[in-house]
1. Before we move on, is GLU24 without any contact (Cβ under 8 Å) to a residue 12 or more places away in the chain and in contact with a strand residue (DSSP E or B) (Cβ under 6 Å, 6 or more places away or on another chain)?
2. Please verify whether the stretch 34-50 includes one or more residues that are modelled with pLDDT under 95, at positive phi and outside any helix (DSSP H, G or I).
3. Scan the stretch 41-96 residue by residue and report those that are of a type in the set (Ser, Thr, Tyr) and within 15 Å of ASP6 (Cβ to Cβ).
4. Which one of THR142, THR92, THR58 is in a loop (DSSP other than H, G, I, E, B) and modelled with pLDDT of 95 or more?
5. Condition first: farther than 15 Å from VAL4 by Cβ and either in contact (Cβ under 8 Å) with a residue 24 or more places away in the chain or among the aliphatic types (A, V, I, L, M) (or both). Now tell me which residues in the stretch 180-200 satisfy that.
6. Please enumerate the residues belonging to the stretch 180-200 that are surrounded by fewer than 21 Cβ atoms within 10 Å (Cβ to Cβ) and within 18 Å of GLY8 (Cβ to Cβ).
7. From ILE91, ILE84, ILE67, ILE103, grab the single residue that is in contact (Cβ under 8 Å) with a residue 40 or more places away in the chain and surrounded by fewer than 17 Cβ atoms within 10 Å (Cβ to Cβ).
8. When the residues of the stretch 153-178 are filtered to those that are in contact (Cβ under 8 Å) with a residue 40 or more places away in the chain and either of a type in the set (Ser, Thr, Tyr) or under 24 Å from GLU52 (Cβ atoms) (or both), which remaining residue is surrounded by the most Cβ atoms within 10 Å (Cβ to Cβ)?
Amino acid sequence: MRVVLDIGNTRVKYGVFEDDRLVESGVLEDGADVEAFMRQRPDAFVLTRETEVPLRGTYPTMGLDRIAGCVGALALYPERELFIVDFGTAITFDRVRRDGTFIGGAISPGMGMRLRALNELIETQSAPTRDAIEHGVVDGITYEVEGYLHGLAADTTVIFTGGDADLFAKRIKNTIFVLPELVLVGLNRIAAYASSQDNL
């Protein structure tokens, strides 16, 4: 059994795996919960910059959650061209070749960030203004994602993850796999890989 921690920008998730099967997951609400969890599970795997990962082409400052998402996608869909969109605090777009090489990505403000920015900048808000802001943000993200998808090869496997993945998967007319636990799957695969390297 292996326990992994996904330490994101706004929350911490944990996953418990038996081999490659996720048997339990949840969210740790605050720092006290995380500390209590780590006392109970001091063996929990946390990805760091020093961890060896089964993904080529990463760069030193690449987000650890992005790396884990890419590895998770490779674990679930090996030997495919991959495009991963993570709808979190920020929206990340990542491309991975079928040979397991990361070939680039982009980072954009997430839905919550866009809504907060407009709500702070627009002082007087009637109901129609609030509706216009919400439609503008959701439609803007939809068109942004569709623009990226339009440039992909037809055989690319598209994966959505993150808190707003379901919302946008329903709005976009492509074949999309929605995988809420993608980063946890990637962390489990990285932990297994790191353990195998340590035993060489």
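1. yes
2. No: the stretch 34-50 contains no residue that is modelled with pLDDT under 95, at positive phi and outside any helix (DSSP H, G or I).
3. THR48, THR51, THR89, THR92
4. One residue alone meets the criteria, THR58.
5. The answer is GLN197, LEU200.
6. Of all residues in the stretch 180-200, those surrounded by fewer than 21 Cβ atoms within 10 Å (Cβ to Cβ) come to 180-181, 191-200.
PRO180, GLU181, ALA191 - these are the residues of the stretch 180-200 that are surrounded by fewer than 21 Cβ atoms within 10 Å (Cβ to Cβ) and within 18 Å of GLY8 (Cβ to Cβ).
7. ILE103
8. Within the stretch 153-178, the match that is surrounded by the most Cβ atoms within 10 Å (Cβ to Cβ) is THR161.
The values are calculated or read from the model by the stated rules, or taken from the named source; none is laboratory data. Computed from a prediction, not measured in an experiment: that's the story for all the values here. Cβ atoms come from the backbone with ideal geometry, glycine included; neighbour counts cover every protein chain shown.
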